[in-house]
Amino acid sequence: MLKRLILWLKRFFQRLLGNQKAPTTFAGNHPKEPPPPLTDTDLEFLFTELLEGVHQARGQQWALKWLHNIEHRVPTERWIEWLHGFGEKLLASPTPNNELAARMIQLGELEVGEVGDVAHDIGMQLLTRNQGEPVWEYEGPDAQIATFGSAEDTDVENFPSSQVFQAPDDSGNLPEGEFQTVTLDELLVIMQQDENLRQMIAQQLGVDTEDPQMIIQALIDQFHAANQSNTEQR
């Protein structure tokens, strides 16, 4: 298995960089053969590498340089063509792929051009397609977290849709009494962008962290604790 993996990587980098070996001298002039085109599998491997760098917060300049360095093998038009096919495959799959979607959105927010824009659109479609996922209601960065146990049926294992983030009266973003529904994964993305919201939710949850993923986990833990308490009282 290891030998097969090494062989695949060797062939992959040969396709990516072309044959770097010095050509053998023959009689007469022979034109240099261009490197073979990259396959969809190769592009998926490269795109995963790009998203990993974005996830590690390497920044806009790193992403722009990464795309520039590979442009001689994968021009923007090829990326766009591949991304559309990749997005269709993801949207057709029953797997949520929420982590991948969040990273694609992060890439788009770096403003690296068309590649980032298309990736951002696909990521948003992936996050919003599953309306049956547990949701929180959210109405802007100044929202306040609601207390647990206000749902009509607290026996459900997932978060009830009636749990909301209630915005102050002067919010003005939406009509009074109306809220924007977001999934927990979308809330994760929002908290990654909004330091004040992270601090507020962490304070109200009583957790000493500003890590969005740990805050989400604390939300889940407190909900299940409240749900179990209500069940035992019945």
- Query: Taking the range 99-158 as the search range and keeping residues that are on the phi > 0 side of the Ramachandran plot and assigned by TED's automatic domain parsing to the domain that holds ASP221, which one is modelled with the lowest pLDDT?
  - Reply: GLY149
- Identify all residues within the range 57-86 that are of a type in the set (Gly, Ala, Ser), out of contact with any Asp or Glu (no Cβ under 8 Å at 6 or more places or on another chain) and assigned to a helix (DSSP H, G or I); write none if there are none. ALA63
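The values are calculated or read from the model by the stated rules, or taken from the named source; none is laboratory data. Just so it is clear, the structure is predicted and the values come from calculations on it, not from any experiment. Heads up, the Cβs are rebuilt from the backbone with ideal geometry, glycines too, and the neighbour counts pull from every protein chain shown.
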